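A.B. asks: Could you have a look at this structure, given as structure tokens, before my questions?
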């Protein structure tokens with residue numbers, strides 16, 4: 001579904017990604033793991049065009065993404081939920097969600113909105129409140145909901161667990177798992193929290209200093225003691 | 001409220017049209033009950049309000065700072081003056097107003113495309129240059145634009161149908177200055193209804209999203225450049241219309257009317273009233289128009305000389321601005337709205 005081939009990117013003279021290649025198969029969750037500065041966020045930013053590759057490219061169903069403008073990505077079926085949430089706090093919850101449907105020809109249908117509210121009942125309670133009243137977990141739910149309203153084929157999630165209580169993280173991860181099963185969504189999940197990410201992921205990719213260290217089944221990675229100690233910290 | 005009234009109120013368009021109708025009634029009542037001199041001042045308030053309304057959309061909703069809106073008003077005013085150079089061949093006033101708006105819009109689009117690549121202080125700097133350069137154009141093309149003296153504007157006579165309608169509603173004859181005040185306020189109401197609808201629409205949400213978090217907006221599928229240019233174009237079109245009304249009210253388009261002070265006054269009106277609020281823009285325009293008069297009057301009554309009283313006005317205006325920024329950083333309307341919301345949350 002999402003093919004990463006020899007992806008290389010840099011911030012000025014600093015190389016952030018160095019020849020990374022892997023495939024995120026359709027209808028599966030691929031976890032991207034690694035320490036701080038390993039290039040996880042840069043990987044997502046380069047896929048969605050916020051950062052342009054200096055070499056290589058990402059392909060969405062064989063379409064080269066390296067020259068697609070960022071705002072067209074949503075239309076092609078690639079949704080990126082950036083780190084730090086990206087909630088527009090002055091808009092209401094509902095208005096935030098509607099932004100997600102902007103790129104669709106049919107806009108966000110009421111039925112789709114209702115589905116998001118069913119997935120996240122807490123958002124439904126506050127749909128006409130401005131988003132700055134939401135807690136961290138609710139904000140994460142809001143941006144995931146907004147990304148889903150764009151009806152993506154591939155969802156890129158950057159650290160959805162950041163700053164959230166373990167119980168909320170578990171809730172969000174369960175929901176991601178069920179979305180993959182019900183919608184056939186493809187997810188690329190960047191996480192510091194390697195243990196919980198591997199518990200829902202089908203595949204895992206480990207990055208270190210911009211290079212791909214290993215790409216394997218999530219269960220294999222979780223069972224590899226040496227790897228866990230060296231890169232994943234548990 | 002009855003259920004029917006509530007349903008009307010919950011429809012954005014119906015609510016704005018109702019408010020506009022109420023506004024029109026208020027305008028008629030005020031203009032009919034005040035002197036010709038006050039009518040003239042209300043015309044000033046109208047064009048300042050239109051320009052401030054456009055600026056508050058740009059700065060408040062889209063987060064772009066323009067120090068050059070006076071220049072766009074100049075473009076609208078000069079377009080009006082060129083079209084209304086003599087009584088005999090003058091096109092209808094509606095055509096003149098639309099032409100002034102359109103010409104400014106086209107020039108605004110050009111500037112907007114360039115400005116959309118800039119952020120924060122850089123866009124402020126670019127528009128600042130515009131505010132200084134545009135009046136200079138009038139000096140350079142002395143033949144067509146009248147140089148320092150400017151161009152006089154031949155305000156067309158009040159059309160018979162307008163005089164008839166006005167007489168039918170108010171029972172008063174209509175003078176030329178009252179006519180201009182009506183033109184100004186009708187323009188303001190139409191502009192504000194359009195701006196209010198726009199800011200409550202998908203376009204307005206897009207603008208606020210771009211202002212608050214451009215990365216999230218872009219990832220949601222918003223073309224940042226297009227959103228920024230559109231906000232700039234809408235805002236400059238308002239400034240052009242405001243310039244046209246100014247030309248009618250002052251009967252002159254001259255470089256001295258469009259100095260940097262005008263651009264800064266507009267910005268201060270927007271900040272005083274409350275960024276992003278149309279009502280705030282109107283309050284700011286009222287302060288700009290009436291505060292100096294009132295303060296000067298008080299000064300004269302207190303026994304100051306003419307000159308001293310006139311110098312009191314900028315001092316009081318400056319102090320008012322400082323007090324608002326320190327005590328009510330959300331602006332007058334913004335702060336009132338927050339206080340009202342708090343009260344409602346408590347009860």
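A.B. asks: Please report Rg (one decimal) and Dmax (integer) in Å for the Cα set of chain B.
C.D. replies: So, for chain B, Rg and Dmax equal 20.6, 66 Å respectively.
A.B. asks: If packing is taken as the mean number of other Cβ atoms within 10 Å per residue, what is the order of B:94-103, B:165-174, highest first?
C.D. replies: B:94-103, B:165-174
A.B. asks: While we're here: Over the alpha-carbon set of the protein assembly as shown, work out the extent along each principal axis and list the three values in angstrom, largest first.
C.D. replies: Sorted from largest, the Cα extents of the protein assembly as shown read 91, 60, 48 Å.
A.B. asks: Mind checking the alpha-carbon convex hull of the stretch B:140-286 and giving the volume per residue in Å³?
C.D. replies: 157
A.B. asks: Turning to a different aspect of this structure: Could you tell me the center-to-center distance, by alpha carbons, between the stretch B:247-278 and the stretch B:79-109 in angstrom?
C.D. replies: 19
A.B. asks: Within 10 Å of each Cβ in peptide A:144-154, how many partner chain Cβ atoms are there on average? Round it to a whole number, please.
C.D. replies: The mean count of partner-chain Cβ atoms within 10 Å per residue comes to 1.
A.B. asks: Would you mind giving the mean number of other chain beta-carbons within 10 Å of the Cβ of each residue in B:220-228, as a whole number?
C.D. replies: Mean inter-chain Cβ contacts per residue within 10 Å come to 6.
A.B. asks: Further question on the same structure: Multiply the residue gap between residue B:140 and residue B:154 by 0.36 nm, knock off their C-alpha separation, and tell me the result in nm, one decimal place.
C.D. replies: Full extension of this stretch gives 2.7 nm more.
A.B. asks: Something else now. Taking 7 Å along the Cα-to-C-beta vector as the label spot, tell me the residue B:337-residue B:129 distance in nanometres, rounded to one decimal.
C.D. replies: So the label points at residue B:337 and residue B:129 sit 3.4 nm apart.
A.B. asks: Taking Cα atoms of the stretch A:2-232, Rg/Rh with Kirkwood Rh, to two decimals?
C.D. replies: Radius of gyration relative to Kirkwood radius: 0.96.
A.B. asks: Taking every eigenvalue of the Cα gyration tensor of the stretch B:269-347, multiplying by 5 and rooting it, what semi-axes result, largest first, whole Å?
C.D. replies: 30, 12, 10
A.B. asks: What nm distance separates the two modelled labels at residue B:36 and residue A:5, each placed 7 Å from Cα along Cα→Cβ?
C.D. replies: 8.1
A.B. asks: Rounded to the nearest 500, what is the 222 nm mean residue ellipticity of chain B from helices alone, with -39500 (n - 2.57) per DSSP H run of 4+ residues and division by all residues?
C.D. replies: Result for chain B, helices only: -26000 deg cm²/dmol.
A.B. asks: Taking R0 as 22 Å, what's the FRET efficiency between residue A:225 and residue A:171 from their Cβ-Cβ distance, rounded to 0.05?
C.D. replies: 0.15
A.B. asks: Would you mind checking the tilt of helix A:136-149 against the longest principal axis of the Cα atoms of chain A, expressed as 0 to 90 degrees and rounded to 10?
C.D. replies: The angle comes out at about 90 degrees.
A.B. asks: Also, I was wondering about something else. Roughly how far apart, in whole Å, are the Cα centres of the stretch A:192-230 and the stretch B:110-137?
C.D. replies: One Cα centre to the other: 51 Å.
A.B. asks: For residue B:165, project a label point 7 Å along Cα to C-beta. Then give me every residue of the stretch B:27-63 with its amide nitrogen under 18 Å of that point.
C.D. replies: Residues B:27-32 fall inside that zone.
A.B. asks: Compute the length gained on full extension between residue B:321 and residue B:173: take 0.36 nm times their separation in residues and subtract their Cα-Cα distance, giving the result in nm to one decimal.
C.D. replies: Length gained between residue B:321 and residue B:173: 49.3 nm.
A.B. asks: Next question. To the nearest whole number, what is the average tally of beta carbon atoms from other chains within 10 Å of the beta carbons of peptide A:89-97?
C.D. replies: 3
A.B. asks: Please compute the length gained on full extension between residue A:55 and residue A:67, using 0.36 nm multiplied by the number of residues separating them and subtracting their Cα-Cα distance.
C.D. replies: Full-extension gain reported as 3.1 nm.
A.B. asks: Next up: For n ≥ 4 DSSP H runs only, could you compute -39500 (n - 2.57) per run for chain A, divide by its residues and tell me the 222 nm figure to the nearest 500?
C.D. replies: -10000 deg cm²/dmol
A.B. asks: A further question follows. What ranking, highest mean first, results for peptides B:254-263, B:281-290 when packing means the other Cβ atoms within 10 Å averaged over each residue?
C.D. replies: Sorting B:254-263, B:281-290 by mean packing, highest first, produces B:281-290, B:254-263.
A.B. asks: Something else now. Given a Förster radius of 22 Å and the C-beta distance between residue A:111 and residue A:26 as r, what FRET efficiency does 1/(1 + (r/R0)^6) yield to the nearest 0.05?
C.D. replies: 0.35
Each reported figure results from applying straightforward, stated rules to the coordinates on display, with no laboratory input. Remember, it's a predicted structure, so these values are computed and weren't measured experimentally. Here the Cβ is made from the backbone with ideal geometry for all residues, glycine too, and neighbour counts use every protein chain on show.
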